[in-house]
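Worksheet: one structure, shown below.
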Amino acid sequence: MSLISVEEALRRVLAGISAPTEVERAALIDCAGRTLAAGVVALRDQPPFPASAMDGYAVRADDIARFPVTLDVIGTSAAGNRFPGTVGPSQAVRIFTGAPLPDGADSVVIQENTERADGRVTVTEASAPHRHIRAAGLDFKEGDRLLEAGTRLDSRHIALAAAMGHGELPVRRRPRVAILATGDELVRAGEPAGPDQITASSLPATALMVEKAGGEALDLGIARDTLDSLEERIQAALDARADILVTLGGASVGEHDLVQKALARHGMDLGFWRVALRPGKPLMHGRLGSTLLLGLPGNPVSSLVCAILFLVPAIRALAGDPLAGADPTESALLGSDLPANGDRQDYMRASLSVHEVDFRGSPLGLTVARPHSTQDSSMLGILTRSDALLVRAPHAPEARAGEPCRIVRLDRFC
């Protein structure tokens, strides 16, 4: 099977997702990172009443058209405890920010423009009608449609939904993503390692990426390099009704790479297993019945790159995100010279900085991406010191510092 492009690989992965997960209602606190399944309308006006925007005094604008003028203070209006009466001629009500405007008042004089003594207040500076008042429905009105289906919910959307009067929202079920590390050489983080073993660092990292993308991570642990061990863990993923099974390592065709054989015994429909990218060429894609299969490379940097490019979009597509397959790159300037690229799309770890001037001294302020000199796919230290992946197309010619480039910001996925 020949190598396919990154774009074609992503197209095939997303094409294999026929429908998003089912709809369920979830409390607002449980909606962060999830996808809204239906549009949501406001159940009330915001604010629900005319409210003061400042601390001061609620008055009638006609009474303070000339100043200074002294008014009788007849009560107080505080947030959550409105003044129950009506402001009449030559009267004022002490009012605080967010408090309901009393009936009869049509302006608020800020306290800095008043002098209080003996139950009366002297206004020393005029305030125009409706000054310092937030009208009812200023932000939105009952029935306004403010959140649309397909929105990936963050804290801003949650705050808005709460203000709209909702305690829960219709969202897509979080896709269940089973994660299986493979290999006799692996031990769990924190466990003692033998002389020929390493820590399965990609296992917790992938689980956290799944959660950040809006999925539910199911940790299947580490399968040993035997068909029995692999088949047992694969069956566990199917029993858990995983929407996606992610394997880490063992996706090649060497003597000790048994993942494909074990999956074939379970009836895997193989889509592809080699992609023209660096790092991450041995990427496997297929299906086990209704479960999407992604076999990521064993090297930790390779698995992270492939998770960004293929796993995160798959999770978001299952969650009903209409932008799941959108291009994750953005523009930057190259911070150093680069040689011509080979026949695979390259994702180079890079550090970012912001230059206030361009390379000719003109004001600019664009992001500059400087790739690290070492790009070995096993080196997590360099990954941790990186801010982005610098993307180079297959057969890209030599590039000079200051030329445009494309980057993927890591903090949006990791």
**Item:** Matching residues, the range 21-52, being open to solvent by less than 30 Å² (accessible area, probe 1.4 Å) and among the aliphatic types (A, V, I, L, M)
**Value:** ALA26, LEU28, LEU36, ALA37, VAL40, ALA42, ALA51
**Message:** Any residue at all in the range 82-94 that's closer than 21 Å to ASP139 by Cβ and without any contact (Cβ under 8 Å) to a residue 60 or more places away in the chain?
**Reply:** yes
**Answer from LEU334, LEU318 - the residue that is closer than 30 Å to ALA19 by Cα and in contact with an Asp or Glu (Cβ under 7 Å, 6 or more places away or on another chain)** = LEU318
**Request:** With the condition kept exactly as written, say whether any residue in the range 180-198 is within 16 Å of ALA37 (Cα to Cα) and either touching an Asp or Glu at 6+ places or on another chain (Cβ under 8 Å) or open to solvent by 30 Å² or more (accessible area, probe 1.4 Å) (or both).
**Result:** no
**Prompt:** Got at least one residue in the range 325-337 being assigned to a loop (DSSP other than H, G, I, E, B) and among the aliphatic types (A, V, I, L, M)?
**Reply:** yes
**Request:** Would you tally the residues in the range 76-101 being open to solvent by less than 20 Å² (accessible area, probe 1.4 Å) and in contact with a Gly (Cβ under 7 Å, 6 or more places away or on another chain)?
**Result:** 4
**Item:** Filter result for GLY271 (at pLDDT below 95, open to solvent by 20 Å² or more (accessible area, probe 1.4 Å) and assigned to a strand (DSSP E or B))
**Value:** yes
**Prompt:** Can ALA262 be described as more than 26 Å from THR384 (Cβ to Cβ), at pLDDT 95 or above and open to solvent by less than 40 Å² (accessible area, probe 1.4 Å)?
**Reply:** no
**Asked** With ALA401, ALA396, ALA324 as the choices, which residue is in contact with a helix residue (DSSP H, G or I) (Cβ under 7 Å, 6 or more places away or on another chain) and among the hydrophobic types (A, V, I, L, M, F, W, C)?
**Response** ALA324
**Request:** For the range 299-313, name all the residues that are among the hydrophobic types (A, V, I, L, M, F, W, C), farther than 16 Å from LEU180 by Cα and either open to solvent by 10 Å² or more (accessible area, probe 1.4 Å) or under 15 Å from the mean Cα position of the chain (by Cα) (or both).
**Result:** ILE308, LEU309, VAL312
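The values are calculated or read from the model by the stated rules, or taken from the named source; none is laboratory data. What you are looking at is a predicted structure, and each value in this text was computed from that prediction instead of being measured. Please note: Cβ atoms are built from the backbone with ideal geometry, for glycine as well, and neighbour counts cover all protein chains shown. In case anyone asks, the SASA skips ligands and DNA or RNA and just uses the protein heavy atoms, side chains included. Shrake-Rupley method; radii C 1.70, N 1.55, O 1.52, S 1.80 Å.
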